[in-house]
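This report concerns only the one structure given below.
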Amino acid sequence: MKIEKNKLLLFWTHIVFISLSLLALIGHTETRMISFQGIGIVNTVPTIGQFTFVVSKDSPSITVARVDVAQRQLKLIQYLKKEGINDQDIKTINYQVQPQYRYDKNNNYTFSTYRVAQTTCVQVKKIEQIDTLLTYLTDHGADQVSDISLTIPDDSAQRYQEMALNMAIQNAKNNAKKQADVLGVRLGKIATFNILSDNLQTPEYLQANNLEGATNGSQNIMINTGSLLIRKTVSVTYRLK
């Protein structure tokens, strides 16, 4: 019985020794790798736009201020619908009623007026309408236009993102081949792949991003749509043979 125990102990001792030897061998085996970057850029133009406009009124009477805002707001919404803007693309995002105060030199204050303000967000599916819409709004009751953005639909953005990614990967592979020849190394299989940057660069598109109410007969607002750059940067790591 004692001999059997000794044999069993010897067996497990060999197993432990072999395991430790394998671990040591693995620890001393270095996998040589090399990484390359690639860039993919797709250039396109915006096709849709979005902006907000504010209709506001100051008056000692809340009712007077509210009615004035409601009348001008209705007129502007009717115009937008007449120009083909759908109901689902016109959204009230803020409505405020706030008292305004007058301060003297001693920082004492007294009531001045009530300010009623309604903010509306508009999405424009035909970007060529932007100039005309903004001009009319500021000439016919909008006190402020802001948050103007020009972009592309989500499905188009996804397609261009994929195009830029494929271009970046191919660019990284081409760089890898060229540099491997220069360095005199042989590339093995790809070990890792990472997207280093992923963005859609918006254009410099507007003379002013915040437009105050204009007077009737003013020169038309001109929006410079510019271009959109969809850029991808990737890193590809190869094992060396």
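The values are calculated or read from the model by the stated rules, or taken from the named source; none is laboratory data. What you see is a predicted model, and the numbers here were worked out from it, not measured in a lab. Quick reminder, even Gly has a Cβ in these numbers, built from the backbone with ideal geometry, and neighbours come from all protein chains shown.
So if I check each of LEU211, LEU200, which one is modelled with pLDDT under 90 and either under 22 Å from the mean Cα position of the chain (by Cα) or more than 20 Å from PHE51 (Cα to Cα) (or both)? Going through LEU211, LEU200 in turn, the sole match is LEU200.
Yes or no, residue by residue, for (1) closer than 30 Å to GLU128 by Cα; (2) exposed (fewer than 13 other Cβ atoms within 10 Å of the Cβ); (3) modelled with pLDDT of 95 or more:
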| site | (1), (2), (3) |
| --- | --- |
| THR63 | no, yes, yes |
| ASP68 | no, no, yes |
| GLN73 | yes, no, yes |
| LEU76 | yes, no, yes |
| TYR79 | yes, no, yes |
| GLY84 | yes, yes, yes |
| ASP104 | no, yes, no |
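If you go through the stretch 177-191 and keep only what is under 11 Å from LEU240 (Cβ atoms), more than 31 Å from the chain's Cα centre (by Cα) and surrounded by 12 or more Cβ atoms within 10 Å (Cβ to Cβ), you end up with ALA180, VAL185, LEU187, GLY188. If you go through the stretch 34-56 and pick out every residue that is hydrophobic (A, V, I, L, M, F, W, C), surrounded by 17 or more Cβ atoms within 10 Å (Cβ to Cβ) and under 19 Å from the mean Cα position of the chain (by Cα), you end up with 3. For the condition assigned by TED's automatic domain parsing to the domain that holds SER227 and within 25 Å of the chain's Cα centre (by Cα), SER146 does not qualify. Return the pairs, sorted by first residue and then second, in which the second residue is not in a strand (DSSP E or B), the first residue lies in the stretch 57-73 and is acidic (Asp, Glu), the beta carbons are less than 7 Å apart, and the residues are 6+ apart or on different chains. Pairs found: ASP58/ALA65.
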